[in-house]
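Here the structure is laid out as structure tokens; the discussion comes afterwards.
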Amino acid sequence: MQTTKWIAGIDEAGRGSVLGPMVIVGVLADSKTENTLKKLGVKDSKVLTPEKREKLAEVIENTAKDIIVVKVGPCKIDSYRKSGISLNQIEGMKMVEIINYLNPHITQIDCPDHNPWKFKEFLKSTCNVNCEIIVEHKADVKYPLVSAASIIAKVERDKEIEKLKEKHGDIGSGYSHDPVTMKWLENWISHTKEFPDFVRKAWETVRELKRSRSQSILSRWFR
């Protein structure tokens, strides 16, 4: 009798953001479900509209065997970084937690590191599950379950950003390449001494803004 082979797809959203959490998601399903999701239009979240992502997220949630969402907040990321733990290592640690929880036969992962082999070896050395691990760049384009994970991650990340907007106004997308986000950060630090907890203070962009504020205050003081 043939047993079902369970496949996990893992991806993230918000990795490089200066605001809000990094969201890492694992989606577990069998190959039949994987093919169904592909036919329904599941693909890399970056090429989908927000409305399409939300619709597909509902389909994925109703179709997958299991889904796990891990949110790593800015304070936690800052704490890890102060301890010398890289962003790749943080992401790898959380992906291992997801693999251990889902217990798949195969895991497909969109690689955050420039070296897929190195990242794969890190996962294998710390994982408690005996499964095949596939780590590739652009896996969110190639594998439907990684695409599904990217969609859920993006939808969950967007929800977190919307919550912050309700409290703090238009903060933009949360990325340093977004002029709205940068303007919001500049306005905040010009009126207060510290950034709020949802800002990643370990990021160089944020440190530079804080240094600029301190230099501006000193300049006014010594005039």
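When the stretch 100-134 is filtered for residues that are closer than 23 Å to Asn35 by Cα and over 16 Å from the mean Cα position of the chain (by Cα), the ones remaining, listed by number, are Leu102, Asn103, Pro104, His105, Ile106, Thr107, Cys131, Glu132, Ile133, Ile134. Within the stretch 74-85, can you find the residues that are in a helix (DSSP H, G or I) and surrounded by fewer than 19 Cβ atoms within 10 Å (Cβ to Cβ)? Cys75, Lys76, Asp78, Ser79, Tyr80, Arg81, Lys82 - these are the residues of the stretch 74-85 that are in a helix (DSSP H, G or I) and surrounded by fewer than 19 Cβ atoms within 10 Å (Cβ to Cβ). Contact map, the stretch 162-183: residues that are part of a helix (DSSP H, G or I) paired with residues that are of a type in the set (Ser, Thr, Tyr) and surrounded by 11 or more Cβ atoms within 10 Å (Cβ to Cβ), Cβ distance under 7 Å, separation 6+ or inter-chain. Pairs shown: Thr181/Ser173; Thr181/Tyr175; Met182/Ser176. Of all residues in the stretch 105-120, at least one satisfies being assigned to a helix (DSSP H, G or I) and surrounded by 20 or more Cβ atoms within 10 Å (Cβ to Cβ). The single residue among Glu166, Glu156 that is open to solvent by less than 90 Å² (accessible area, probe 1.4 Å) and closer than 28 Å to Lys55 by Cβ turns out to be Glu156.
Results for (1) among the polar types (S, T, N, Q); (2) touching a helix residue (DSSP H, G or I) at 6+ places or on another chain (Cβ under 8 Å), shown as yes or no for each residue.
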residue	(1), (2)
Lys124	no, no
Glu132	no, no
His137	no, yes
Leu145	no, yes
Glu166	no, no
Gly169	no, yes
Thr181	yes, no
Leu209	no, yes
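Where strands (runs of 3 or more DSSP E) sit wholly within the stretch 1-73, those with at least 3 residues that are open to solvent by 40 Å² or more (accessible area, probe 1.4 Å) and within 17 Å of Tyr101 (Cβ to Cβ) occupy 66-72.
So the check is Cβ under 7 Å with 6+ separation or different chains; which pairs have a first residue in the stretch 84-104 that's in contact (Cβ under 8 Å) with a residue 24 or more places away in the chain and a second one that's open to solvent by less than 30 Å² (accessible area, probe 1.4 Å) and assigned to a helix (DSSP H, G or I)? Going by the 7 Å Cβ cut-off, the qualifying pairs are Asn88/Phe119; Ile90/Ile77; Gly92/Phe119; Gly92/Leu123; Met95/Leu123; Val96/Leu123. Scan the stretch 198-212 for residues that are assigned to a loop (DSSP other than H, G, I, E, B) and either without any contact (Cβ under 8 Å) to a residue 40 or more places away in the chain or of a type outside the set (Phe, Trp, Tyr) (or both) and jot them down. Answer for the stretch 198-212, where residues must be assigned to a loop (DSSP other than H, G, I, E, B) and either without any contact (Cβ under 8 Å) to a residue 40 or more places away in the chain or of a type outside the set (Phe, Trp, Tyr) (or both): Arg200, Lys201, Ala202.
The values are calculated or read from the model by the stated rules, or taken from the named source; none is laboratory data. Remember, it's a predicted structure, so these values are computed and weren't measured experimentally. No Cβ is skipped: glycine too gets one built from the backbone with ideal geometry, and neighbour counts run over all protein chains shown. Only protein heavy atoms, including side chains, enter the accessible area calculation; ligands, DNA and RNA are left aside. Shrake-Rupley method; radii C 1.70, N 1.55, O 1.52, S 1.80 Å.
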